[in-house]
Amino acid sequence: MAKSKGNNRLSTNTFRIFRIGGYVSFLLLMIFDYFLYQLDVLPSKYLFLLLIVTLLVELFAIGAILFFKKPLKIAGFVVVIIFGLFSGIGIYYGYHANSFLNDSFRNSKLNSSATYYIIVPNDSNISSINDIDSTFSYLSGTYLIDQALISFQEKKNIQMTSYDDALTMFQDLKSHLILGALVDQTSYQLILEMKNEFVESDFKVIDSFEVQMEVENDTISNSSDKFQVYIGGNDFTNSLMDFNMIVTINTKSHRILFTSIPRDYYIPVFGYDGRRDTLSFMGARGIEVNRRSLADFLGMDLNYFMKLETKSLVGIVDQVGGITYCSDRSFTTTHATILDTYDDSKGNKLDVKKGCQKLNGIEALTVARERLAFPGGDRQRQKNCQQIIMAIFKQLISTNTITNYNNILSSLSDLYQTNIPREIITDLIKETIAGAEWDIENQSMDGSDSNNFVHLSNLRSYVMIPNPDSVEEAKIKMKDILDS
């Protein structure tokens, strides 16, 4: 009998190991629970149920180690080991998810920046900013121009004269009617791309600098239940806003509406006394100009913005293992599968089949950029961008992303800038986890083809005149979502 009784006991060393294991497991569980609580993505009823159940099971397992005989001690030790492993894994993922949410949705401000060039004629004797000794010119109305003028004056305090029109300023610069000019990088690139009379060898950049400012949203929603987000996707070479969408969300009725707007929509520019330009060109002046211009045009609040970095689209698509894209027709892209250049002779074109196919990052970007291959032009491009964004998020919530967790979060952080508060995002996640079935709808605004002044200059190019009926129909639908 004594021998049998001894078999139900553990050696002192083994018992000490079991006990330490229990304490370590309990500590890991507490840390995991802390991160889970801080993450704030589980509905309250699920969160507290999970916390209570795991705590009770952990305490029972530790109690079995401390107070029961050998079989239950071993069972308790197995439980604490399992809990310890899962808690450790949970801490790892919880820490990185919490850090990601804090960094990505930490406030309602965005640090915007613009690069400015100091340009002179190519045959000028001026080779550096120190050689400037008389009046210089600048292009007024460009993004962050006030900050750029301050920075320039700190470098060289001389008299400045302004031009309202980029084309006229570059003509005068080429003809040596002005000494030199301060111009933003985007305006410089656009002039070179759009006017054959100018080539890069006509000018030389003697200096460049970056200016920044902190932008704060003035139309933050008073409700986390109903709000609208303006999404702008900038081109990878010159900050043109080639993708424009408004997302209308009602978390009470669980309805989401995606409204696509053509990049060449010709509407009044915020802050320019009714002067019109395309949404694409407005992007050179910062996403706030696009958001406020659209808000005024539609007569409704666009509470938040999200700026998508087109270049980073490649990385996130590759990190999630590619996306599925479906086309109702076969086509070959006019753009090549390349980055950082418009020179499509440097890469291969992409053949897209009718039906559904898997696209990697550079292929998804090439399809997102394409418009000339479709009868609908930019209208179809906006629809393709919608489909690509939805496909990315579908992949993000799939189970196969868990093994590539850190790389995906890193890619996401490079994909966008936003002023959406963290609590908005966590509330959406809670609703989804709680079983909400989202009713997702799509619509697009339309217009008529035309030609008019662009880039806030006397330069003419293609524009799309908004169709009043299309705009009104879109507004009614957005208001219906908000009021439902």
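The values are calculated or read from the model by the stated rules, or taken from the named source; none is laboratory data. Model, not experiment: these values are computed from the prediction. We place every Cβ from the backbone using ideal geometry, glycine too, and count neighbours over all the protein chains shown. Surface areas here come from the heavy atoms of the whole protein model, side chains and all, with no ligands, DNA or RNA. Shrake-Rupley method; radii C 1.70, N 1.55, O 1.52, S 1.80 Å.
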Selection count, the stretch 263-290, where residues are open to solvent by 40 Å² or more (accessible area, probe 1.4 Å) and either on the phi > 0 side of the Ramachandran plot or among the charged types (D, E, K, R) (or both): 5
Criterion (β-branched (V, I, T), out of contact with any helix residue (DSSP H, G or I) (no Cβ under 8 Å at 6 or more places or on another chain), within 24 Å of F243 (Cβ to Cβ) and open to solvent by 60 Å² or more (accessible area, probe 1.4 Å)) met by exactly one of I476, I481: I476
Condition met for I425 (in contact with a helix residue (DSSP H, G or I) (Cβ under 8 Å, 6 or more places away or on another chain), within 18 Å of G322 (Cβ to Cβ) and open to solvent by less than 60 Å² (accessible area, probe 1.4 Å)): no
Considering residues of the stretch 444-460 that are open to solvent by 30 Å² or more (accessible area, probe 1.4 Å) and in a strand (DSSP E or B) only, the residue farthest from L257 (Cα to Cα): R460
Test: residue in the stretch 248-255 that is part of a helix (DSSP H, G or I) and out of contact with any Leu (no Cβ under 6 Å at 6 or more places or on another chain): no
Single unsatisfied condition, E437 versus (1) closer than 20 Å to F305 by Cβ; (2) open to solvent by 70 Å² or more (accessible area, probe 1.4 Å); (3) not in a helix (DSSP H, G or I): (1)
Number of positions in the stretch 14-42 that are farther than 15 Å from I81 by Cα, touching a residue at least 12 places away in the same chain (Cβ under 8 Å) and surrounded by fewer than 15 Cβ atoms within 10 Å (Cβ to Cβ): 2
Among (1) of a type in the set (D, E); (2) over 29 Å from A436 (Cβ atoms); (3) exposed (fewer than 15 other Cβ atoms within 10 Å of the Cβ) - the single one E58 does not satisfy: (3)
Checklist (1) closer than 30 Å to K479 by Cα; (2) assigned to a strand (DSSP E or B); (3) among the β-branched types (V, I, T) applied to T324, failing item: (1)
Of all residues making up the stretch 28-61, the number that are touching a Ser or Thr at 6+ places or on another chain (Cβ under 9 Å) and at negative phi: 11
Per-region count, the stretch 232-247, residues in a strand (DSSP E or B), open to solvent by 10 Å² or more (accessible area, probe 1.4 Å) and among the polar types (S, T, N, Q): 1
Which numbered condition M390 fails, given (1) open to solvent by 20 Å² or more (accessible area, probe 1.4 Å); (2) at pLDDT 85 or above; (3) not charged (D, E, K, R): (2)
Strands (runs of 3 or more DSSP E) wholly inside the stretch 94-212 containing at least 2 residues that are surrounded by fewer than 16 Cβ atoms within 10 Å (Cβ to Cβ) and either acidic (D, E) or within 24 Å of the chain's Cα centre (by Cα) (or both): 109-121
Checklist (1) part of a helix (DSSP H, G or I); (2) under 30 Å from L428 (Cβ atoms) applied to L42, failing item: (1)
Some residue of the stretch 402-415 being of a type outside the set (A, V, I, L, M, F, W, C) and not in a helix (DSSP H, G or I): no
Test for L372: is it open to solvent by less than 70 Å² (accessible area, probe 1.4 Å) and touching a residue at least 12 places away in the same chain (Cβ under 8 Å): no
Every pair of residues 6+ apart whose Cβ atoms lie under 8 Å, when the first sits in the stretch 103-132 and is more than 21 Å from I206 (Cβ to Cβ) and of a type in the set (A, V, I, L, M) while the second is modelled with pLDDT of 80 or more and part of a strand (DSSP E or B): L110/F305; L110/K307; L110/Q417; L110/T418
Residue, farthest from the chain's Cα centre (by Cα), within the stretch 294-335, restricted to residues that are modelled with pLDDT of 90 or more, of a type in the set (A, V, I, L, M, F, W, C) and open to solvent by less than 20 Å² (accessible area, probe 1.4 Å): F331
Failed item, numbered, when G361 is tested on (1) within 16 Å of the chain's Cα centre (by Cα); (2) in contact (Cβ under 8 Å) with a residue 60 or more places away in the chain: (2)
Among residues of the stretch 61-87, those that are assigned to a helix (DSSP H, G or I) and open to solvent by 30 Å² or more (accessible area, probe 1.4 Å), counted: 15
Set V463, V471: member being assigned to a strand (DSSP E or B), modelled with pLDDT of 85 or more and either charged (D, E, K, R) or open to solvent by less than 20 Å² (accessible area, probe 1.4 Å) (or both): V463
Criterion violated by G347 - all others in (1) open to solvent by less than 30 Å² (accessible area, probe 1.4 Å); (2) under 26 Å from the mean Cα position of the chain (by Cα) satisfied: (2)
